[in-house]
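First the structure, in the form of structure tokens, and then the observations on it.
The values are calculated or read from the model by the stated rules, or taken from the named source; none is laboratory data. Worth saying up front: this structure is predicted, and the values here are computed from it rather than measured. Using ideal geometry, Cβ is built from the backbone for each residue, glycine included, and neighbour counts are taken over all protein chains shown.
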Amino acid sequence: MKTQDAIHAIRKGDPLKHDTIQEIGDMLEDLLMTNKERGEKIGRLRTRIEAEEAMNFDLEEANKRFAEALTPSASTKYAYSGEFRIFLPPVNDEDGEEIVQPLFVPWDTIKDIMSAIHLAGV
């Protein structure tokens, strides 16, 4: 019995044969399984989209922090001043002790380096 015939028989109130009921059950099961599979696929796609959105947000946030780190400001001056130094060749004091003196990189030089890095990354 075709699906349309079964629907007409149900609407008229005619009794259905066992085979027809089984066939309708199988069709409904296939339909539900298809919907279940669609639901699972939608769930997988949602998970993928959420992961991609999170990754994009992380990249946007990282780019923002990177740009801030390469922009001379009071906060970067505070963060970087005294962080970079060059050690001069050792010298001996009047007692013959070897002294290694650090030379701290000036803020203007740090700004020049930040600018060069920023331009190279653009």
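Taking Arg65, is it out of contact with any helix residue (DSSP H, G or I) (no Cβ under 6 Å at 6 or more places or on another chain), under 30 Å from Val105 (Cβ atoms) and not assigned by TED's automatic domain parsing to the domain that holds Ile117? Don't jump to the end; show me each part of the working.
Details: out of contact with any helix residue (DSSP H, G or I) (no Cβ under 6 Å at 6 or more places or on another chain): yes; under 30 Å from Val105 (Cβ atoms): yes; not assigned by TED's automatic domain parsing to the domain that holds Ile117: yes.
For Arg65, the condition - out of contact with any helix residue (DSSP H, G or I) (no Cβ under 6 Å at 6 or more places or on another chain), under 30 Å from Val105 (Cβ atoms) and not assigned by TED's automatic domain parsing to the domain that holds Ile117 - is met.
Just to verify a result, which residue in the range 66-76, among those that are surrounded by 10 or more Cβ atoms within 10 Å (Cβ to Cβ) and assigned to a helix (DSSP H, G or I), is nearest to the chain's Cα centre (by Cα)? Show your work before the answer.
Initial filter on the range 66-76 (surrounded by 10 or more Cβ atoms within 10 Å (Cβ to Cβ)): 66-73, 75-76.
Next, only the ones that are assigned to a helix (DSSP H, G or I) stay: 66-69, 75-76.
Numbers: Phe66: 16, Ala67: 18, Glu68: 20, Ala69: 20, Ser75: 27, Thr76: 26 Å.
Restricting to residues being surrounded by 10 or more Cβ atoms within 10 Å (Cβ to Cβ) and assigned to a helix (DSSP H, G or I), the top hit is Phe66.
Please work out if Ile86 is without any contact (Cβ under 8 Å) to a residue 24 or more places away in the chain and not in a helix (DSSP H, G or I). Write out each step before concluding.
Working: without any contact (Cβ under 8 Å) to a residue 24 or more places away in the chain: yes; not in a helix (DSSP H, G or I): yes.
In short, yes.
If Glu23 meets every condition in (1) part of a helix (DSSP H, G or I); (2) acidic (Asp, Glu); (3) farther than 30 Å from Asp5 by Cα apart from one, which number is that one?
Failing condition for Glu23: (3).
Every residue, every condition in (1) of a type in the set (Ser, Thr, Tyr); (2) exposed (fewer than 10 other Cβ atoms within 10 Å of the Cβ), yes or no:
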| residue | (1), (2) |
| --- | --- |
| Asp26 | no, no |
| Asn35 | no, no |
| Arg46 | no, no |
| Ile49 | no, no |
| Glu52 | no, no |
| Gly96 | no, yes |
| Phe104 | no, no |
| Thr109 | yes, no |
